[in-house]
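Asker: Sharing a structure with you now.
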Amino acid sequence: MRARIAGLILLLPLCALGAQESAQLAWRTAQGDELLRLGSQQVLDRQALPADLTAPLGSLWKLFVYAWLSDTGQQEPAYPCRGESKEEVYCCTAGQSIERDAALVKSCGLYFQPRRLGIDGTVWQQYWQARHAPAWVSQLDHLAPQTEVPVAELLDQLQHLPAQEQARKVLLDVSLAADDGRAPAALGGRLRVKTWSWEEGGQREGGFAGWLVDGTPLWARGPGTSKTVLAKYGNAIGVALPAPWPSDPGRCVEVSLFSRYPLKEVYDVRNQPATEGLLEGRQNVLFANGVRLDVNSGGDLFLERGAQGPRLTARLSREEYVARVLDREASATPPEAAKALAVTIRTYLLQNGAPRGDCLSIDDSSQRQRVAPRPASEAARGIAAWTADLVLAGGTVTYHSDQAGQSKLSWRDAQEQAAKGLRYDAILARAFPRTSLSRWSNPTAACQPLPEAERWLQAQRRHWRQRLEAEAGYEELQSFAVCRLSSGRPYVDRERQRIYVRGLYSQQDRLDLAHEYLHLAFQAHPNGQDEGYVESLARRLILE
């Protein structure tokens, strides 16, 4: 075990260069382990990862218990919150309970306590020694927040951690929630990490460790807590990290190609009728209307011959499907518009694909989604990888080339919004204001809608219109959502065009709703930042 002072000596110069604080990001590349120093917006410098760089384990010990539970098939009970420990704030409210995956995301230490789980130290040691783990992992009493571990060794353990695929899947929820849901704008679906924080001698530091979507291990630390690190350095982390193709690109999608256009024949490269079964390479399709089209199979197109003529079916991974639809329906540029459309395409598949064995089945048609009959372009695959696993939860979705509407994304509008500097999450929020970014395997909406309050506000806007249009800076919103406030004071999320209030139970609630709506309606004018002006106008609208 190396002394903690070694890690501090390496960290201090990074935070002391001028007035700018910095963070560290270590990750494994094909050329070796690399250490980056990050400012709030960019990479400041990079070097080979020092062998003697150490850091406190912090909350990362829970990741190893999670891996052991998953890999050994344990069936441990949920943790019940009884209000008996202040640590339950990281778990659940009194009277509720928490399961393993949620406990890892929320960093519920009470759930993973070895004593609660009845983990035998000898059994634990034998399990990890068989995997050539260092003593700080294999000795249960060393697996503690204060334990100093070499960062290079931590990357080694992460690279070979059991149950890594499952952990990566659920840990997407961490970055989705980071910085009050703003982190995905910079990170997309690439980062799958467990956060950690530590305090010693009045100095707080935090960070995360985990993987990219392809299993590349990484670790980070900076001043403050894990929450402040992701919030402050999220943009720089987003710039520094690549968008590799996922090691698990999702369950198979079975696509009936050209489902609305009957085929007459499929020819191989020798211009002979293709043999039924799996196709390889370039083929030529002759439609019943006489049109010909070249297609290309990478071992994913299947030809069937029946009484109704030949039929082509593609079996693709989910992310390859998203990329091919993006190629066929739009393009990979501009990137932010393409990211928004990729999330919409994936969500549409989730909502409309029909289970068929281990696959989801969906037609290739203008009534569903059109699919390119050839491998996706590298640009489209890059967009699919950047947004991997991201879907929208909380409402149905669709899209069109140039027509917007309720629950409909316009590709033309998305391109215009991207040109104005909007990121993909803000583009999505304007098209689908009641939805939230979530993950494919657990779509959960962050906005719990208040339909009665939204209907009331829509009706009041018509009565207020003449009066408000006389006010400098007023712009009536095309779309917005009213969401339930779980705690704290009412507020607005300007990027997502959302109003968070308690409900519509009292006159004060109506005042709050009018007040927050005015903040959105005047967001492009200084009046929108003037609390006195907004409150006075809200009171005149409601009380007069």
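Asker: What does the highest-first list of 332-339, 469-476, 378-385 look like by mean Cβ count within 10 Å?
Answerer: Descending mean neighbour count gives 378-385, 332-339, 469-476.
Asker: Another one. Summing +1 for each Lys or Arg and -1 for each Asp or Glu, what net charge is found among the other residues whose Cβ lies under 10 Å from the Cβ of Phe432?
Answerer: Here the count lands on +4.
Asker: In addition: Please compute the per residue accessible area over the chain with all protein chains in place, 1.4 Å probe, rounded to a whole number of Å².
Answerer: 45
Asker: Rounded to two decimals, what is the ratio between the C-alpha radius of gyration of segment 115-256 and 2.2 N^0.38 Å?
Answerer: Cα-based Rg divided by the globular estimate yields 1.17.
Asker: So if each residue of separation counts as 0.36 nm, and I subtract the Cα-Cα distance between Gln74 and Asp294, what length gain in nm does that give?
Answerer: 74.0 nm is the gain from fully extending Gln74 to Asp294.
Asker: Using a Debye calculation, one point per C-alpha and no hydration shell, please list log10 I(q)/I(0) for segment 236-374 at q = 0.15, 0.19, 0.21 Å⁻¹ in order.
Answerer: Evaluating at q = 0.15, 0.19, 0.21 Å⁻¹ gives log10 I(q)/I(0) of -0.78, -1.15, -1.33.
Asker: Could you give the C-alpha radius of gyration of segment 322-435 expressed as a fraction of 2.2 N^0.38 Å, taking N as the number of residues it contains?
Answerer: Here the Cα radius of gyration is 0.99 times the empirical estimate.
Asker: Moving to a separate point now. To the nearest 500 deg cm²/dmol, what mean residue ellipticity at 222 nm is calculated for the chain from DSSP H runs of n ≥ 4 alone, each contributing -39,500 (n - 2.57), summed and divided by the residues?
Answerer: -11000 deg cm²/dmol
Asker: What distance in nm separates the two pseudo spin-label positions at Leu278 and Trp245, each 7 Å out from Cα along the beta-carbon direction?
Answerer: 1.6
Asker: Once you have a ≥ b ≥ c as the square roots of the Cα gyration tensor eigenvalues for segment 407-457, tell me rounded if a/c is under 1.5, and otherwise prolate or oblate according to whether a/b is larger than b/c.
Answerer: On the way: a/c = 2.59, a/b = 1.36, b/c = 1.91.
Here segment 407-457 falls in the oblate category.
Asker: Can you give the local net charge around Glu495? Use residues other than it whose beta-carbon is closer than 11 angstrom to its beta-carbon, Lys and Arg +1, Asp and Glu -1.
Answerer: +3
Asker: Determine the shape class of segment 109-159: with a ≥ b ≥ c the square roots of the Cα gyration tensor eigenvalues, call it rounded for a/c under 1.5, and otherwise prolate if a/b is greater than b/c, oblate otherwise. Please list the in-between numbers first.
Answerer: Numbers: a/c = 2.09, a/b = 1.34, b/c = 1.57.
Judged from the Cα gyration tensor, segment 109-159 comes out oblate (a/c at least 1.5, b/c at or above a/b).
Asker: Here's something else I'd like to know. Any number yet on Rg/Rh for the chain, C-alpha, Kirkwood?
Answerer: Rg/Rh for the chain comes to 1.02.
Asker: Using a 1.4 Å probe and ignoring any ligands, DNA or RNA, find the accessible area of Arg100 and quote it in Å² to the nearest 10.
Answerer: Counting only protein heavy atoms, the figure is 40 Å².
Asker: Oh, and also: Would you mind counting up the charge near Glu21? Only other residues with Cβ under 14 Å from its Cβ, with Lys and Arg at +1 and Asp and Glu at -1.
Answerer: Overall, the nearby charge balance is +3.
Asker: Related question: Over segment 36-162, consider all pairs of different Cα atoms and compute the Kirkwood hydrodynamic radius from their mean reciprocal separation; express it in Å, one decimal. Provide the component values of the computation, followed by the final result.
Answerer: Details: mean 1/r = 0.0615 Å⁻¹.
Radius from the Kirkwood sum: 16.3 Å.
Asker: If I take R0 = 45 Å and measure r between the Cβ atoms of Arg467 and Asp402 in this structure, what FRET efficiency does the formula 1/(1 + (r/R0)^6) give, to the nearest 0.05?
Answerer: 0.85
Asker: Past the 15 angstrom mark, what percentage of all C-alpha to C-alpha distances in segment 138-222 do you count?
Answerer: Numbers: 2238 of 3570 pairs.
Every Cα pair in segment 138-222 considered, those over 15 Å come to 63 percent.
Asker: I'd like the carbon and sulfur percentage of the solvent accessible area for segment 405-464, probe radius 1.4 Å, heavy atoms only, ligands and nucleic acids excluded. Provide the component values of the computation, followed by the final result.
Answerer: Numbers: 1310 of 2940 Å².
Carbon-and-sulfur percentage of accessible area, whole number: 45.
Asker: What aspartates and glutamates could a cross-link reach from Lys106, if we take a straight Cα to Cα line under 13 Å and drop same-chain neighbours fewer than 8 places away?
Answerer: Straight-distance partners of Lys106: Glu87, Glu88, Asp173.
The values are calculated or read from the model by the stated rules, or taken from the named source; none is laboratory data. Predicted, not measured: the structure shown is a model, and the values here were computed from it. Cβ coordinates were reconstructed from backbone atoms using ideal geometry, including for glycine residues, and neighbour counts include every protein chain displayed. These accessible areas exclude ligands, DNA and RNA; they are computed on the full protein's heavy atoms, side chains included. Shrake-Rupley method; radii C 1.70, N 1.55, O 1.52, S 1.80 Å.
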